[in-house]
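Everything on this sheet refers to the single structure shown next.
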Amino acid sequence: MPVIAIAYLIFLAAPVLLLALGSFGESWSNTLLPTGFTGRWYEELASDTSFRRAFITSLQIVGTTCLLNMLIGLPLAYAIQAGARGGVRLAARLVTLMPVAVPELVLAFGFILVFSSDALPWLGSFWLLAAGHLVLTLPYTVTALVADMEQLRLDEYEHAAATLGASFFERLRDVTFPLLQTSLMSSMLTVAALSIGEFQLSNLISGFLSRTYPVVLLQAFYGATGFACAATIVLLILAALASLTSSLTARFAGSTKARSA
């Protein structure tokens, strides 16, 4: 078992290490490792207007997706946890998780068919791309929040507040939001990590001015290898930072729950 685990870790780490080496290599052609050492690929990446525009667009898409997840995911999770019972609750969760089961290619073709018509000519727009990212990430937000609501026994706290005369909005302000603050932050960081690296749907429905960083990154591999490696490393760092922060936030939330229990 340790040998299998080590082999698996090497299998995961080797491509990342090769990309890191290639991003500082002077040239890399028909050899196992790059030759030379240079930092000019990162300088060229920083000065490339198309990559700067795509980087800003990706950050805007991530911010919009996180905001939409909070505005839609939190009420939806609350409704599933508090209002739905039995078969209705199961059906609601299955519908919520459906975008995870459906391949992104199928979702993208659906977006193309619907939003390239004369009635809905929104294909290639920023907001349609944000909506696509919302569809892909909302299941993770809802699932995480519903699980945390059940683990925190939110319904018991709200029932206690209601018996003391607290209104619905007072319960949201004084009970629900404080209890779910850390969980919501962890969910948004997970959404950010998923959104920043999303490629398949974005590649098919984004327009020229709404291309995200991963979409433009594909074009880099048709040019200099070092430039493509540097651009990929930047994307990996962003996704890794979001994932690491999400894990640390979730661990902090878990330790807080353990202390409170």
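The values are calculated or read from the model by the stated rules, or taken from the named source; none is laboratory data. All values derive from a computational prediction rather than experimental measurement. We place every Cβ from the backbone using ideal geometry, glycine too, and count neighbours over all the protein chains shown. For the accessible areas, the whole protein counts, side chains as well, though only heavy atoms, and no ligand, DNA or RNA atoms are used. Shrake-Rupley method; radii C 1.70, N 1.55, O 1.52, S 1.80 Å.
Quick check on residue 172: is it in contact (Cβ under 8 Å) with a residue 12 or more places away in the chain and open to solvent by less than 40 Å² (accessible area, probe 1.4 Å)? Answer is no for this residue. Could you check, for the range 83-95, whether at least one of its residues is touching a residue at least 40 places away in the same chain (Cβ under 8 Å) and either part of a loop (DSSP other than H, G, I, E, B) or of a type outside the set (Phe, Trp, Tyr) (or both)? Yes. Among residues of the range 31-52 being assigned to a loop (DSSP other than H, G, I, E, B) and touching a residue at least 12 places away in the same chain (Cβ under 8 Å), the one that is nearest to residue 192 (Cα to Cα) is 39.
Determine which single condition residue 123 fails, assuming it passes every other condition in (1) surrounded by fewer than 14 Cβ atoms within 10 Å (Cβ to Cβ); (2) modelled with pLDDT of 90 or more. Going through (1) surrounded by fewer than 14 Cβ atoms within 10 Å (Cβ to Cβ); (2) modelled with pLDDT of 90 or more one by one, residue 123 breaks only (1).
Taking first residues from the range 192-205 that are in contact (Cβ under 8 Å) with a residue 12 or more places away in the chain and partners that are surrounded by fewer than 23 Cβ atoms within 10 Å (Cβ to Cβ) and of a type in the set (S, T, N, Q), the Cβ contacts under 6 Å between residues at least 6 apart in sequence or on separate chains come to 193/243. Only one entry of 144, 192, 131 meets the criterion of being surrounded by fewer than 19 Cβ atoms within 10 Å (Cβ to Cβ) and either under 30 Å from residue 238 (Cβ atoms) or out of contact with any Pro (no Cβ under 7 Å at 6 or more places or on another chain) (or both), and that entry is 131. Figure legend. Inter-residue proximity from the range 242-255: first residues over 18 Å from residue 148 (Cα atoms) and at pLDDT below 65, second residues buried (at least 16 other Cβ atoms within 10 Å of the Cβ) and not aromatic (Phe, Trp, Tyr), beta-carbon distance below 8 Å, spacing 6+ or different chains. No pairs are indicated.
Take residue 55 and decide whether it is in a helix (DSSP H, G or I), within 29 Å of residue 207 (Cβ to Cβ) and either modelled with pLDDT of 85 or more or out of contact with any Pro (no Cβ under 7 Å at 6 or more places or on another chain) (or both). Yes; evaluated as a whole, the condition is true for this residue.
Restricting attention to the range 102-109, does a residue exist that is touching a residue at least 12 places away in the same chain (Cβ under 8 Å), assigned to a helix (DSSP H, G or I) and open to solvent by 80 Å² or more (accessible area, probe 1.4 Å)? Yes: the range 102-109 contains one or more residues that are touching a residue at least 12 places away in the same chain (Cβ under 8 Å), assigned to a helix (DSSP H, G or I) and open to solvent by 80 Å² or more (accessible area, probe 1.4 Å).
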